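**Q** If you scroll down you'll find the structure; I have some questions about it.
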Amino acid sequence: MNKAKAPVCAPDGKITKDYLYKVCSYGDGMYSVPHLNNILYLHYQGIRQIENLDDYTNLKCLYLQNNVIRKIENLGNLKQMTQLFLNENCIEKIENLEHCQQLDKIDLSKNKIQAAENLSCLKNLTSLDLSYNSLEKVEDISHLAECASLTLLRLSHNKLADPDIINVLSKLEKMRALFLDGNPILGVIPNYRKTVILAFPELCYLDGRPVQDEERKLAEAWNEGGQSAEEALKIEWKLQKEQDLKELHLKMYERMKQRYPELYKETESEDLNDEDFGQSEMEVIPIKMPWQRTRPTVLNDHARKLVEEIEWKDVEEQIPDFEEMPQIENSDGEATVEQPQCILEYIHQLGKEKTAEVKIQEQGFENLPEELHYSLDERMEIWQNFMTGTSDESAEDCE
């Protein structure tokens, strides 16, 4: 037997007991027995007045948004309620909430409220939304300074323009997220964002944007020494980051050198330092191909770029231009291969014949592509055999 559908809207805009019974009986997550409900959905019902909710004593969350309610009333018996949604109604005054001591979140956005009041009695209130209302003067929001438990306050898109509003709200020591966007005050206060960040030491979000530690330190420097002090701090951070990057590069270079000593033969015995790092002469055995450029996963992009410069740039300089050479001679001085094509194609052709799966287990490095799982000794042998003309593959196969 199919259940009947819940009523689309309240009859005559009133919350009757019969109407509540039907809503709870056929609504998802609700029960026909009033005290069994901890949540009640009455939004988009055309409700004009809050009434007949006294039996819902265990209600935790009440949704009444998008109705035509003009007054907050008849909620005194809902002592367990923690969340109340009355946004998008016609409410003009905040009142009759003193019995709901467990309220943690109230949404009164998009109403006709002209003053924040009668909220200091709610000691557990942490989240309040008064955006899209008619708040204009400092006196309209001065009462909020008494709501010491507030951590999130939305006052967006009102008519607030007095800079003293920041001084009033700065008394809320637990404030973590503040929304003032859409108010004239943003254009009235010079250096608005820095000023607000300095006024709230614990603020984490301002107008939807996170307040980072660096931004707070820059604001403090600006407060102490102006724009010049802020720029000086930025330069100091930049120099420190460059120094840290150099140290990281040196550590990474030494690590690569220890892991693959056969790939590096230094022509000078002098140690690298900050001045000549990246400029010292070095001879690299020409066996590093593009498919051999592994990336340390634990390093940042700058360090990876350095790996590429150290391991591949010098190799390219040492590889001869085979297209311009008429032939390649083996160790006996005899020409064995005439005008071979790019050696990269040759190595790639040999790589395609490799079918066994081999995984590189070295910590901190990514696996190479499946078709290129050659060990270092195998790659050296491939290169040497090709250069000396002892490879089993012929020039025609290479082509």
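**Q** For the pair LYS234 and GLU139, what calculated FRET efficiency results from E = 1/(1 + (r/R0)^6), where r is the Cβ-Cβ distance and R0 = 45 Å, to the nearest 0.05?
**A** 0.65
**Q** Just to verify a number: FRET efficiency for ASP207 and LYS251, C-beta to C-beta distance, R0 = 41 Å, to 0.05?
**A** 0.50
**Q** Taking the Cα-to-Cβ direction at LYS71 and at GLU173 and moving 7 Å from each Cα, how far apart do the two end points lie in nm?
**A** About 3.9 nm separates the two model spin labels.
**Q** Is there a pair in LYS93/LYS174; LYS93/LYS137; LYS17/LYS112; LYS71/LYS171; LYS22/LYS79; LYS171/LYS217 whose C-alpha atoms are over 18 Å apart, and which pairs would that be? Spell out each step's value before the answer.
**A** Values: LYS93/LYS174 25 Å; LYS93/LYS137 16 Å; LYS17/LYS112 29 Å; LYS71/LYS171 29 Å; LYS22/LYS79 24 Å; LYS171/LYS217 21 Å.
Over 18 Å Cα-Cα: LYS93/LYS174; LYS17/LYS112; LYS71/LYS171; LYS22/LYS79; LYS171/LYS217.
**Q** Continuing with this model, one more query. Send over a whole-number figure in Å² for the accessible area per residue of segment 72-126, probe 1.4 Å.
**A** On a per-residue basis, 42 Å².
**Q** Between ILE39 and ASN52, what is 0.36 nm times their sequence separation minus the Cα-Cα distance? Round to one decimal in nm.
**A** Extra length available between ILE39 and ASN52 comes to 3.2 nm.
**Q** Here is a further query. Work out how much length THR16 to LYS105 would gain on full extension: take 0.36 nm times their residue separation and subtract the Cα-Cα distance, in nm to one decimal.
**A** 29.4 nm
**Q** Still on this structure, please answer the following. Calculate what fraction, in whole %, of the accessible area of segment 64-205 sits on carbon and sulfur atoms when a 1.4 Å probe is rolled over the protein chains.
**A** Within segment 64-205, the accessible surface is 44 percent carbon and sulfur.
**Q** What distance in nm separates the two pseudo spin-label positions at ASN118 and LYS159, each 7 Å out from Cα along the beta-carbon direction?
**A** Roughly 2.2 nm, to one decimal.
**Q** Averaged per residue, what accessible surface does segment 159-229 expose to a 1.4 Å probe, in Å²? Intermediate values should be presented prior to the final figure.
**A** Working: 3800 Å² over 71 residues.
Dividing the accessible area of segment 159-229 by its residue count gives 54 Å².
**Q** Multiplying the sequence separation of GLN243 and GLU146 by 0.36 nm and subtracting their Cα-Cα distance, what value in nm do you get?
**A** 30.0 nm
The values are calculated or read from the model by the stated rules, or taken from the named source; none is laboratory data. Just so we're clear, the structure is a prediction, and the values are computed from it rather than from any experiment. Cβ atoms come from the backbone with ideal geometry, glycine included; neighbour counts cover every protein chain shown. Accessible surface areas use protein heavy atoms only, side chains included; no ligands, DNA or RNA. Shrake-Rupley method; radii C 1.70, N 1.55, O 1.52, S 1.80 Å.
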